[in-house]
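Some notes on the structure that comes next.
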Amino acid sequence: MQDLVLVVDFGAQYAQLIARRVRETQVYSEVVPSNMPVAEMLAKKPSAVILSGGPSSVYAEGAPQIDAALFEADVPVFGICYGFQAMTQSLGGTVTKTGLSEYGGTELDVDSDSTLLTGLPERQSVWMSHGDSVTEAPDGFTVIGHTERTPVAAFENLDRKLAGVQYHPEVAHTPHGQAVLRHFLHDIAGIKPSWTFGNIIDEQVERIRAQVGDKRVLCALSGGVDSSVAAALVHKAVGDQLTCVFVDHGLLRQGEAEQVVNDYAQLTGIDVRAVDVSQRFLSELKGVTDPEEKRKIIGREFIRTFEQSARDLASEGEFHYLVQGTLYPDVVESGGGTGTANIKSHHNVGGLPEDLKFDLVEPLRTLFKDEVRAIGLELGLPESLVWRQPFPGPGLGIRIIGEVTHDRLEMLRAADAIARAELKAAGLERSVWQFPVVLLADVHSVGVQGDGRTYGHPVVLRPVSSEDAMTADWSRLPYELLSKISTRITNEVPEINRVVVDVTSKPPGTIEWE
C-alpha cells in the first residue's frame with residue numbers, strides 16, 4: 001500500500017501546488033477540504049498531513065479551525081502559513097496581531113540545528129504572505145527560524161513529528177522550499193520516496209483490470225494528451241477490449257480531425273473509429289452564448305454520441321465502460337473533491353448527463369498534466385503526441401465569445417492556424433504551455449484596410465506558461481513574433497481587423513476565456 005499525504009485546504013491559492021510539490025518528492029498526495037472531520041481524514045490512513053495557507057486570520061469570526069484530535073493521532077503534521085498559525089493556536093502557542101505584515105521576498109535567519117532546515121543556508125530568501133505572526137511556539141517545540149518581523153517563522157517537535165513554517169515553501173520564490181518539504185516528508189515523517197511513474201502505471205493497470213473485468217470499453221479519444229494517455233493506459237490493461245471513438249464535433253482546429261484519425265491508430269495500434277457529428281453539435285449550440293450552457297451542451301452531446309456509437313457497434317459486443325482523460329485540475333475547477341468553488345464546469349466533469357449509460361474509467365483523475373506527460377513517455381508514446389499543447393474538450397466552442405456558427409468557426413480556425421504555425425516556426429512550441437486564440441464574435445471594432453473603413457472582429461492571443469494549469473502566467477513572446485502573427489491574421493482573415501494580447505495571470509484569470 002502506497003503512502004498517502006493529505007493536503008488540508010484552508011482556501012489557499014497554492015493548495016494544489018503543495019500537492020504537486022509533495023509528489024515531486026516521490027510521495028503521493030491528495031487535497032482535502034478543511035471542513036472534513038478529522039475522523040474522516042484519519043480513516044484514509046495518511047502517512048502525514050500538511051495544513052495549507054489561507055486568506056483568513058485565526059482571530060476572524062468563522063475562520064477555519066483545526067481539531068486538536070489531529071495532533072493526538074500520532075500522524076506527522078506540517079503547517080504552512082495559515083496552517084502554521086492555526087496549528088500553533090491549537091497546540092497552545094501564541095499568535096499575535098503585531099501590525100507588522102510581511103508580503104513577498106523576506107530573509108529568514110536559521111536559529112539552530114534542525115532536521116527541517118538541515119543543510120540549508122543560515123540566511124535564506126523565503127516568500128511570505130501574512131498579517132498575524134506566531135510570537136510564542138507551543139510547549140515542546142524548538143524555534144528554528146525567524147525574520148526581522150516574525151520571531152517564530154519555523155519550528156519543529158521531532159518527538160511528535162510536528163513542524164511548520166510561516167512562509168510558503170511550495171512556491172518558486174522560496175528557493176530552498178522543496179528541500180524543506182523533502183526534509184519533513186522523508187526525514188521527520190519517515191516516508192520513503194517510492195511513488196514513481198512506473199508505480200502509477202502498475203497501480204492503474206491493476207485497478208482498470210479489477211474494474212473492467214472482461215467487459216468491453218469505449219474510449220472518448222480527442223487526440224489530445226489526456227485522452228491519448230488514458231487510452232494507452234487502458235489498452236495496456238485490457239488490450240482489444242478497448243475501442244476508441246474519435247468524435248469530430250466540428251469544433252476542432254484546422255487539420256486536427258485528419259491528424260488524429262490517421263496518426264493515433266498507427267502510433268499505438270489501438271482500434272480507432274471516427275464519427276462526424278459536426279452538424280448535430282452546431283444545431284444544439286445555435287443561439288447559445290452563455291459559456292456554462294455551452295460546456296454542458298457539449299458534454300451532453302459527447303456522451304450521447306458515445307452512446308450512439310456503442311449502439312452502432314453492438315454487433316461486435318456490448319460496451320459497459322467509458323474512458324475519459326479527466327485530470328485533477330478538471331475535478332478541482334469543477335468544484336469536486338476539495339470543497340472548492342465551481343470555477344467552470346469541465347465537459348467531462350460538470351457537463352455529464354445524470355442518465356449516463358456507462359460506468360466511467362478515469363485513470364488520470366488524480367494526476368496533473370506534467371505527470372500525465374511523463375506517464376505517456378513511460379508508456380512509449382511519441383514525444384510529438386505527448387508534448388502537444390493542451391486543447392480543451394469543448395474545443396473552439398469556448399474560444400468564440402458569443403454564438404458558435406459555421407462562419408465564426410472558420411474565421412477562428414484560420415487565425416488559430418496562423419498563430420500556431422508562427423509559434424512553431426519560431427521554435428517556441430515547447431516553451432509555451434498553451435496558446436488559445438479567442439474570437440470576440442459579439443464585438444466589432446473600426447479599422448482601416450485598403451484605405452477603407454472596416455468594422456471587423458478582434459481576436460485575442462492568450463499565450464501562457466504553466467506547470468499544471470492550476471496557476472499560470474502569460475508568456476513573454478518576442479515582439480517580432482507577435483507582430484508577424486498580427487500582420488498575417490489581419491491580412492489573411494478579412495473578417496478580423498484587430499489582434500490583442502491577454503497579459504493576465506491565473507489567478508485572477510483562467511487560461512481559457514470561457
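Just checking, which of VAL77, VAL95, VAL152, VAL134 is over 15 Å from VAL58 (Cα atoms), in contact with a Ser or Thr (Cβ under 8 Å, 6 or more places away or on another chain) and of a type in the set (A, V, I, L, M)?
VAL152
Give me the residue from region 212-229 that is assigned to a strand (DSSP E or B) and not basic (Lys, Arg) and, out of that set, surrounded by the fewest Cβ atoms within 10 Å (Cβ to Cβ). So that I can check it myself, show each step before the final result.
If we filter region 212-229 for residues that are assigned to a strand (DSSP E or B), which is where we start, we get 216-221.
This time we only want the ones that are not basic (Lys, Arg), so: 217-221.
Working: VAL217: 24, LEU218: 22, CYS219: 28, ALA220: 26, LEU221: 25.
That would be LEU218.
Each row is one residue, and each column tells you yes or no for (1) over 23 Å from the mean Cα position of the chain (by Cα); (2) aromatic (Phe, Trp, Tyr); (3) buried (at least 16 other Cβ atoms within 10 Å of the Cβ).
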position	(1), (2), (3)
HIS183	yes, no, yes
GLY190	yes, no, no
ASN199	no, no, no
ALA231	no, no, yes
VAL234	no, no, yes
LEU242	yes, no, yes
GLY250	yes, no, yes
ARG253	no, no, yes
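Here are some conditions: (1) surrounded by 20 or more Cβ atoms within 10 Å (Cβ to Cβ); (2) modelled with pLDDT under 50. ASP330 meets all but one. Which one does it not meet?
Single failed check for ASP330: (2).
Right, ARG430: outside any loop (DSSP other than H, G, I, E, B), touching a residue at least 12 places away in the same chain (Cβ under 8 Å) and surrounded by fewer than 16 Cβ atoms within 10 Å (Cβ to Cβ) or not?
yes
Which residue pairs have Cβ atoms under 6 Å apart, sit 6 or more places apart or on different chains, and have a first residue in region 487-514 that is of a type outside the set (S, T, N, Q) and a second that is assigned to a strand (DSSP E or B) and surrounded by fewer than 15 Cβ atoms within 10 Å (Cβ to Cβ)?
ARG498/SER445
When you check ILE50 against the structure, is it under 21 Å from GLN166 (Cα atoms) and in a strand (DSSP E or B), yes or no? Break it down stepwise before answering.
Details: under 21 Å from GLN166 (Cα atoms): yes; in a strand (DSSP E or B): yes.
Considered against the rule, which asks whether it is under 21 Å from GLN166 (Cα atoms) and in a strand (DSSP E or B), ILE50 comes out as yes.
If you go through region 55-113, how many residues are of a type in the set (Ser, Thr, Tyr), under 22 Å from GLY140 (Cα atoms) and not in a loop (DSSP other than H, G, I, E, B)? Walk me through it before giving the result.
Restricting attention to region 55-113, the residues satisfying the condition of being of a type in the set (Ser, Thr, Tyr) are 56-57, 59, 82, 88, 90, 94, 96, 98, 101, 103, 106, 112.
Subsequent filtering for residues that are under 22 Å from GLY140 (Cα atoms) retains 82, 88, 90, 94, 96, 112.
Restricting the remaining residues to those that are not in a loop (DSSP other than H, G, I, E, B) gives 82, 88, 90, 94, 96.
Within region 55-113, residues that are of a type in the set (Ser, Thr, Tyr), under 22 Å from GLY140 (Cα atoms) and not in a loop (DSSP other than H, G, I, E, B) number 5.
Among the residues of region 493-514, which ones are within 23 Å of ARG295 (Cα to Cα) and of a type in the set (Lys, Arg)?
Once the filter is applied, which keeps residues that are within 23 Å of ARG295 (Cα to Cα) and of a type in the set (Lys, Arg), region 493-514 yields only LYS506.
Yes or no, residue by residue, for (1) crowded, with 19+ Cβ neighbours inside 10 Å; (2) hydroxyl-bearing (Ser, Thr, Tyr); (3) more than 30 Å from ILE201 (Cα to Cα):
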position	(1), (2), (3)
TYR28	yes, yes, no
PRO64	yes, no, yes
ALA69	no, no, yes
ASP74	no, no, yes
LEU100	no, no, yes
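Please go through region 180-199 and pick out each residue that is of a type in the set (A, V, I, L, M, F, W, C) and either closer than 24 Å to VAL75 by Cβ or part of a loop (DSSP other than H, G, I, E, B) (or both).
VAL180, LEU181, PHE184, LEU185, ILE188, ALA189, ILE191, TRP195 - these are the residues of region 180-199 that are of a type in the set (A, V, I, L, M, F, W, C) and either closer than 24 Å to VAL75 by Cβ or part of a loop (DSSP other than H, G, I, E, B) (or both).
Could you check ARG209 against (1) outside the structural domain of ALA274 (by TED's automatic domain parsing); (2) surrounded by fewer than 18 Cβ atoms within 10 Å (Cβ to Cβ); (3) in contact (Cβ under 8 Å) with a residue 12 or more places away in the chain; (4) under 30 Å from ARG365 (Cβ atoms) and say which number it fails?
Of (1) outside the structural domain of ALA274 (by TED's automatic domain parsing); (2) surrounded by fewer than 18 Cβ atoms within 10 Å (Cβ to Cβ); (3) in contact (Cβ under 8 Å) with a residue 12 or more places away in the chain; (4) under 30 Å from ARG365 (Cβ atoms), only one is false for ARG209: (1).
Within region 391-427, take every residue that is assigned to a loop (DSSP other than H, G, I, E, B) and on the phi > 0 side of the Ramachandran plot and give me the one that is surrounded by the most Cβ atoms within 10 Å (Cβ to Cβ).
Here is the first cut: in region 391-427, the residues assigned to a loop (DSSP other than H, G, I, E, B) are 391-394, 399, 401-405, 426-427.
Add one more test, that the residue is on the phi > 0 side of the Ramachandran plot, and what stays is 402, 427.
Numbers: GLY402: 14, GLY427: 8.
Restricting to residues being assigned to a loop (DSSP other than H, G, I, E, B) and on the phi > 0 side of the Ramachandran plot, the top hit is GLY402.
Residues of region 472-490 being within 30 Å of ILE18 (Cα to Cα) and surrounded by fewer than 17 Cβ atoms within 10 Å (Cβ to Cβ), which ones? Walk me through how you get there before you give the answer.
Just the residues of region 472-490 that are within 30 Å of ILE18 (Cα to Cα), to begin with: 472-477.
Scanning region 472-490 gives ASP473, ARG476.
Might you let me know whether region 497-512 holds any residue that is touching a strand residue (DSSP E or B) at 6+ places or on another chain (Cβ under 8 Å), of a type in the set (A, V, I, L, M) and either crowded, with 19+ Cβ neighbours inside 10 Å or under 22 Å from ASP330 (Cβ atoms) (or both)?
Yes, that holds for at least one residue.
Exactly one condition in (1) touching a strand residue (DSSP E or B) at 6+ places or on another chain (Cβ under 6 Å); (2) closer than 30 Å to GLU122 by Cα is false for LEU221; which is it?
(2)
Need the failing condition index for VAL459 against (1) crowded, with 19+ Cβ neighbours inside 10 Å; (2) in a strand (DSSP E or B); (3) modelled with pLDDT under 95, just the number.
It is condition (3) that VAL459 fails.
If only one of LEU282, LEU267 is surrounded by fewer than 19 Cβ atoms within 10 Å (Cβ to Cβ), more than 28 Å from ALA441 (Cα to Cα) and not assigned by TED's automatic domain parsing to the domain that holds ALA441, which one is it?
Exactly one of LEU282, LEU267 is surrounded by fewer than 19 Cβ atoms within 10 Å (Cβ to Cβ), more than 28 Å from ALA441 (Cα to Cα) and not assigned by TED's automatic domain parsing to the domain that holds ALA441, namely LEU267.
Could you tell me whether VAL288 is among the aliphatic types (A, V, I, L, M), at pLDDT 85 or above and part of a loop (DSSP other than H, G, I, E, B)?
Answer is yes for this residue.
The values are calculated or read from the model by the stated rules, or taken from the named source; none is laboratory data. On a predicted model such as this, the values are computed, not experimentally measured, just so you know. Counting neighbours? That spans all protein chains shown, and the Cβs are built from the backbone with ideal geometry, glycine included.
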